[in-house]
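Participant: This is the structure I want to talk about, given as structure tokens.
What follows draws every value from the coordinates through simple rules; no lab data is involved. Everything quoted here is computed from the prediction, not taken from an experiment. Cβ sites come from the backbone with ideal geometry, for glycine too, and all protein chains shown count toward neighbours.
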Amino acid sequence: MKKSVFLGTLAVTGLAAGFAAADAHSGGTLGEVQARGALNCGVTTGLVGFAAPDANGEWQGFDVDVCRAVAAAVLDDPSAVNFVPTTGQTRFTALASGEIDLLARNTTWTFSRDVDLRFEFVGINYYDGQGFMVPRDLGVASALELDGATVCIQTGTTTELNLADFFSSNNMSYEPVPVETNAEAQQQYLAGACDVYTTDASGLAATRATFEDPAAHVVLPEIISKEPLGPLVRHGDNEWGDIARWTLNALIAAEELGVTSANVAELAGGTENPEINRLLGTEGALGEMLGLDNDWAQRAIAAVGNYGESFERNIGENSAIGLSRGLNAQWTDGGLLYAPPFR
Amino acid sequence: MSDTHSESALHTAYVRKEMLPERDPPASQKGAVLWMRENLFSSIPNAIMTVVSLYVIYYILAGIGPWMIGGIWDAESLTECRAIRDELYGHGREVACWAVITDRWHQLLFGFYPQDLYWRPILTLALFGVAVAPVLFENAPRPLLIVTAIFPFVAYFLLWGGSVWGPAAVAVGFILAWAILTYTQDILGSLAATLAAIVVPLLYWLYLVGPVAGWLHGLAPIGIEAVGSDEIGGFLLALVIGGTGIILSLPIGILLALGRQSDLFIINKCSVIFIEVIRGVPLIVWLFTASLLLNYFLPPGTNFDLMLRVIIMVTLFASAYIAEVVRGGLAALPRGQYEGADSLGLNYWQSMQLIVLPQALKISIPGIVSTFIGLFKDTTLVVFVGLSDPIGFSNLIRATSEWNGIYWELFIFIGICFWIFCFSMSRYSQWLERKLNTGHR
């Protein structure tokens with residue numbers, strides 16, 4: 001009975017913390033983050049290459065780099081981030097309720113999420129799409145030959161709906177094998193419980209890379225859906241949204257302009273190219289317009305590198321996952337990345 | 001007939017004079033052979049069953065044994081594990097890659113808790129052992145109950161750190177309640193004293209604890225490094241949630257069970273509604289309520305710790321189940337026990353404390369313990385609200401490029417950890433039952 005005091009302790013400290021947090025709720029998200037000294041960033045509960053903690057508990061990944069870049073721009077410290085793991089169910093409430101300031105959790109930008117759920121997607125950091133993987137032995141070269149196949153599919157995701165649309169529009173039938181997580185899907189697929197595994201193409205590549213014999217499995221060329229993944233913030237705080245949007249744009253523009261984490265300090269001394277000067281704050285006052293100082297982009301790039309560096313380090317061809325740039329190349333290389341001008 | 005008999009007796013040439021030495025029974029009638037004949041091969045169907053079962057056991061062990069025993073303990077990643085395996089056993093043999101456990105055991109056990117502070121949760125667990133000893137074993141020294149009383153505050157202080165004055169200031173509230181209950185009863189009367197003992201500490205906690213703790217901390221800044229709730233994960237999280245839930249749900253559950261039997265209309269109906277609503281909805285729904293719905297009810301910007309919300313929900317859920325288990329025990333007592341207590345002139349609380357509850361709880365022990373075991377295992381459900389319990393960490397570990405593709409090794413490790421705790425709870429309950437079984441049904 002005496003132990004009920006434990007609840008008391010917890011409840012009271014929890015409430016006290018709650019009131020303290022409520023007091024700081026003025027000056028918008030930027031003011032809150034600066035007062036707190038840390039960015040609360042929502043990430044996945046683990047997705048290869050995009051977000052995962054290493055053995056020391058340091059979060060790493062492509063989405064994590066977005067969080068770190070924003071923290072570096074706002075707080076001058078890429079490690080001043082509280083990573084909040086969110087599931088597919090909890091991510092939007094966590095953002096809407098203010099538990100997190102920024103959600104960088106490979107979330108597909110859709111109309112209803114942007115408009116109805118009242119969020120603000122600040123850009124796209126990865127263009128993904130749903131694909132299929134089959135064992136090479138099956139001798140299938142195209143997804144259109146999959147009539148009657150058994151398909152492993154994660155339940156409750158848009159992939160499930162896309163799959164149904166694709167098969168019915170092509171007048172084919174399939175038998176779904178519902179699985180809960182990607183890890184379970186790998187087991188089922190390798191055990192032969194299904195002929196086909198379908199999920200986002202980046203996920204397929206990551207899964208295939210872990211197989212004993214990756215060459216025995218092929219990812220089919222068809223991509224059956226558009227999955228533009230990007231970070232998002234709450235509606236209604238446009239200053240904060242601008243900071244997140246332009247931090248992401250700065251990383252993309254930095255790659256286009258040839259600014260890397262290695263040469264950013266040198267280039268910040270001033271260059272012939274006025275756009276680089278404006279980006280790095282040696283010319284103009286773009287940072288001040290955001291409510292930050294003029295070195296903001298310089299810090300973000302120094303912290304995580306430009307878009308291409310982050311891509312290569314986490315998910316690129318030389319990493320364990322081995323994704324090619326594809327749609328995620330700069331527009332100058334035939335991809336879709338196109339940062340608006342910094343002026 | 002009788003002639004022949006007497007004649008042969010007469011002509012007997014030899015009569016044995018000494019006893020034969022004792023001999024062992026025949027080989028088929030003793031030891032392992034007898035045991036096997038009696039237990040394994042007593043009849044033809046039994047023999048067939050034995051052979052089939054032995055084959056099944058062999059088949060399973062032959063499949064899993066080499067996989068587990070041949071496992072690789074020292075590698076940096078799954079790829080390296082596979083390379084080592086090919087070197088050791090040649091291609092084609094599957095073995096476990098336990099290296100993931102050697103690499104990440106600390107995260108599975110402690111989550112993101114700072115590595116140089118691991119002594120704090122370990123010390124808390126050791127203190128927990130000391131604190132529960134006088135409650136679980138009646139021959140433990142009684143003064144240990146002081147440790148039990150202060151343990152919750154010490155545990156909070158050790159796990160979360162921060163200023164020592166926070167938990168201390170909260171503890172003062174309980175001393176306040178006790179003092180009011182003891183010293184003002186004569187002045188105010190019993191009912192008013194009870195009410196004051198509830199209201200005054202509540203007001204104190206709501207409005208005074210923060211300033212008092214802050215002021216004391218300003219005077220004497222004693223404290224240890226603070227650790228946030230989001231850094232508590234893995235098995236530590238399961239233990240904190242499960243342990244708090246178990247300890248708090250028993251008293252609340254008993255009160256609810258008594259409330260349900262009460263003749264007082266409001267108390268009775270409140271208990272019934274509480275129990276039926278909480279018990280009628282799955283735990284996962286309550287967890288989602290805690291993590292999602294409460295966010296909409298609380299004022300915007302309120303940062304009400306998710307872990308605390310989950311602990312409260314788990315406790316309420318377990319309380320409803322305990323209440324029903326205890327109610328079963330209360331109902332099993334013969335009516336005469338209640339009437340006997342009344343006839344002795346005991347008031348309600350005295351009769352419950354001295355006559356009814358000791359017997360009812362004794363009957364309920366198996367049910368209570370299985371509820372506790374279930375509750376402890378249910379803590380893994382928090383993974384669905386984004387808390388990093390052991391299962392959550394297994395997902396996080398699998399999401400690193402080093403260990404993506406690993407599966408059973410993590411689940412086996414987590415399973416063993418849970419089994420140790422659940423099995424010890426089960427053994428304790430059996431010991432308690434045997435000890436309390438005084439031959440009375």
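Participant: Once you wrap a convex hull around the alpha carbon atoms of the stretch B:1-130, what is its projected area averaged over all directions, in nm²?
Facilitator: 22.6
Participant: Looking at the stretch A:294-343, which chymotrypsin sites (Phe, Trp or Tyr not before Pro) are DSSP coil and have at most 13 other C-beta atoms within 10 Å of their C-beta?
Facilitator: In loop regions of the stretch A:294-343 (DSSP not H, G, I, E or B), the sparsely surrounded chymotrypsin sites (Phe, Trp or Tyr not before Pro) are A:Tyr338.
Participant: Quick one: work out the % antiparallel among DSSP beta bridges in the stretch A:25-178, nearest 5.
Facilitator: Details: 3 of 15 bridges.
Restricted to the stretch A:25-178, the bridges split so that about 20 percent are antiparallel.
Participant: With both bridge residues required to lie in the protein assembly as shown, what share of the DSSP beta bridges run antiparallel, to the nearest 5%?
Facilitator: 60
Participant: With a/c under 1.5 counting as rounded, go ahead and sort the protein assembly as shown into rounded, prolate or oblate using the C-alpha gyration tensor (a ≥ b ≥ c being the square roots of the eigenvalues; past the cut-off, prolate if a/b is larger than b/c, else oblate).
Facilitator: Details: a/c = 2.38, a/b = 1.30, b/c = 1.82.
It comes out oblate by the Cα gyration axes.
Participant: Here's another thing I want to ask about it. I'd like the GluC sites (Glu not before Pro) in the stretch B:83-141 restricted to DSSP loop residues with at most 16 other Cβ atoms within 10 Å, sorted by number. Let's see the in-between values first.
Facilitator: Working: sites: B:Glu87, B:Glu94, B:Glu138; in loops: B:Glu94, B:Glu138.
When the GluC sites (Glu not before Pro) of the stretch B:83-141 are filtered for loop state and at most 16 Cβ neighbours within 10 Å, B:Glu94, B:Glu138 remain.
Participant: Another question about this same structure. Counting only other chains, what is the mean number of Cβ atoms within 10 angstrom of the Cβ of each residue in peptide A:174-184?
Facilitator: Mean shielding by partner chains, rounded to a whole number: 2.
Participant: Here's something else I'd like to know. List, in order, the whole-Hz ³J(HN,Hα) value for each residue of the stretch B:29-37 obtained from phi through the Karplus relation with A = 6.51, B = -1.76, C = 1.60 and θ = phi - 60°; use x for Gly and Pro.
Facilitator: In residue order, the calculated couplings are 10, 8, x, 4, 5, 4, 4, 5, 4 Hz.
Participant: Shifting gears a bit: Ratio of the stretch B:32-77's C-alpha Rg to 2.2 N^0.38 Å, to two decimals?
Facilitator: 1.83
Participant: Placing +1 on the Cβ of each Lys and Arg and -1 on the Cβ of each Asp and Glu in the protein assembly as shown, which of B:Ala133, A:Ala302, A:Leu95 has its Cα farthest towards the positive end of the resulting dipole?
Facilitator: Sorting the options by dipole projection puts first B:Ala133.
Participant: Please give the calculated 222 nm ellipticity per residue for chain A, where each DSSP H segment of at least 4 residues contributes -39500 (n - 2.57) and the sum is spread over every residue; nearest 500 deg cm²/dmol?
Facilitator: -11500 deg cm²/dmol
Participant: At q = 0.19 Å⁻¹, what log₁₀ I(q)/I(0) does the stretch B:269-322 have when each alpha carbon counts as one equal point scatterer in the Debye sum?
Facilitator: Ignoring solvent entirely, the Cα scatterers give -0.67.
Participant: How big is the charge dipole of the stretch A:130-225 about its Cα centre, in debye rounded to the nearest 20, if each Lys and Arg gets +1 on its Cβ and each Asp and Glu gets -1 on its Cβ?
Facilitator: For this selection, approximately 140 debye.
Participant: If you take each beta carbon of peptide B:401-413 and count the beta carbons of other chains within 10 angstrom, what is the mean?
Facilitator: Averaged over the peptide's residues, the number is 5.
Participant: Cut-off is 10 Å between beta-carbons; in what order do A:Ser168, B:Ser291 appear when sorted fewest neighbours first? Show your work: numbers first, answer last.
Facilitator: Working: A:Ser168 11, B:Ser291 26.
Listed from fewest to most nearby Cβ atoms, that is A:Ser168, B:Ser291.
Participant: Counting other Cβ atoms within 10 Å, keep those with at most 14, restrict to DSSP loop, and tell me which trypsin sites (Lys or Arg not before Pro) in the stretch B:38-124 are left.
Facilitator: Here the sparse-neighbourhood loop sites are B:Arg93.
Participant: Shifting gears a bit: Can you tally the net charge around B:Ala75? Count Lys and Arg as +1, Asp and Glu as -1, for every other residue whose Cβ sits under 10 Å from the Cβ of B:Ala75.
Facilitator: So the surrounding residues net to -3.
Participant: Please list, ordered by chain and number, the residues whose modelled amide H lies under 5 Å from the amide H of A:Tyr174; skip anything fewer than 5 residues away on the same chain.
Facilitator: Result for A:Tyr174 returns A:Gly148.
Participant: Relative contact order for the stretch B:163-224 using alpha-carbon pairs under 8 Å, separation at least 6, rounded to a whole percent?
Facilitator: Averaging sequence separation for qualifying contacts and normalising by length gives 57 percent for the stretch B:163-224.
Participant: Still on this structure, I have one more. Report relative contact order for chain A in percent, whole number only (criteria: Cα-Cα under 8 Å, sequence separation at least 6).
Facilitator: Value for chain A: 20 percent.
Participant: Quick one: net charge of B:Ser364's neighbours, Cβ under 12 Å, K/R +1, D/E -1?
Facilitator: Working: positive: B:Arg327, B:Lys362; negative: B:Glu324, B:Glu433.
That sum, taken over residues with Cβ under 12 Å, equals 0.
Participant: OK, next. Quick one: net charge of A:Tyr127's neighbours, Cβ under 12 Å, K/R +1, D/E -1?
Facilitator: Result for the neighbourhood of A:Tyr127: -1.
Participant: Oh, and also: Run the reach check for B:Lys377 against aspartates and glutamates, Cα to Cα strictly under 16 Å, same-chain hits fewer than 8 apart removed. What comes back?
Facilitator: B:Asp389
Participant: For the stretch B:163-224, just say rounded, prolate or oblate: build the C-alpha gyration tensor, square-root its eigenvalues into a ≥ b ≥ c, call rounded for a/c under 1.5, and beyond that prolate if a/b exceeds b/c, oblate if not. Spell out each step's value before the answer.
Facilitator: Values: a/c = 3.66, a/b = 2.82, b/c = 1.30.
It comes out prolate by the Cα gyration axes.
Participant: Under the rule of at least 5 residues apart or a separate chain, name every residue whose amide H is placed under 5 Å from the amide H of B:Gly223.
Facilitator: So B:Gly223 has HN proximity to B:Val164.
Participant: Something else about it: Taking 10 °C and 1.306 mPa s as the conditions, I'd like the Stokes-Einstein D for chain B in µm²/s, using the Kirkwood hydrodynamic radius from alpha carbon pairs.
Facilitator: My calculation gives 58 µm²/s for D.
Participant: Quick one: which residues, 5 or more positions from A:Gly42 or on another chain, have an amide H under 5 Å from its amide H? H modelled 1.01 Å from N in the peptide plane, none for Pro or chain starts.
Facilitator: A:Val84, A:Asp101, A:Leu102, A:Leu103, A:Ala104
Participant: Based on other C-beta atoms within 10 Å, arrange B:Cys97, B:Cys417, A:Cys194 from fewest to most.
Facilitator: Listing B:Cys97, B:Cys417, A:Cys194 from fewest to most nearby Cβ atoms yields B:Cys417, A:Cys194, B:Cys97.
Participant: Normalised by the residues of chain B, what does the relative contact order come to in percent, with Cα pairs under 8 Å and at least six apart? Could you put the intermediate results ahead of the total?
Facilitator: Values: 417 pairs, mean separation 70.8, N = 441.
For chain B, the relative contact order is 16 percent.
Participant: For the stretch B:362-370, take each phi angle, set θ = phi - 60°, evaluate the Karplus expression 6.51 cos²θ - 1.76 cosθ + 1.60, and give the result in whole Hz per residue in order, putting x for glycine and proline.
Facilitator: Karplus values, whole Hz, x for Gly and Pro: 4, 5, 7, 3, x, x, 4, 5, 5.
Participant: Next up: Sort B:Glu231, A:Glu288 so the one with the fewest other Cβ atoms within 10 Å of its own Cβ comes first. Before the final figure, lay out each step's value.
Facilitator: Working: B:Glu231 19, A:Glu288 12.
Taking fewest neighbouring Cβ atoms as first place, the list is A:Glu288, B:Glu231.
Participant: Still on this structure: Hey, got the average number of other protein chain Cβ atoms within 10 angstrom for residues in B:243-249?
Facilitator: Mean shielding by partner chains, rounded to a whole number: 3.
Participant: OK, next. From the phi of every residue in the stretch A:39-50, what ³J(HN,Hα) in whole Hz does the Karplus formula 6.51 cos²θ - 1.76 cosθ + 1.60 yield, where θ is phi - 60° and glycine or proline is x?
Facilitator: 9, 8, 10, x, 10, 6, 8, x, 9, 3, x, 9
Participant: Looking at chain A as a GNM with Cα springs under 10 Å, which of A:Ala215, A:Ala55, A:Ala143 has the largest mean-square fluctuation?
Facilitator: Maximum among the listed residues: A:Ala55.
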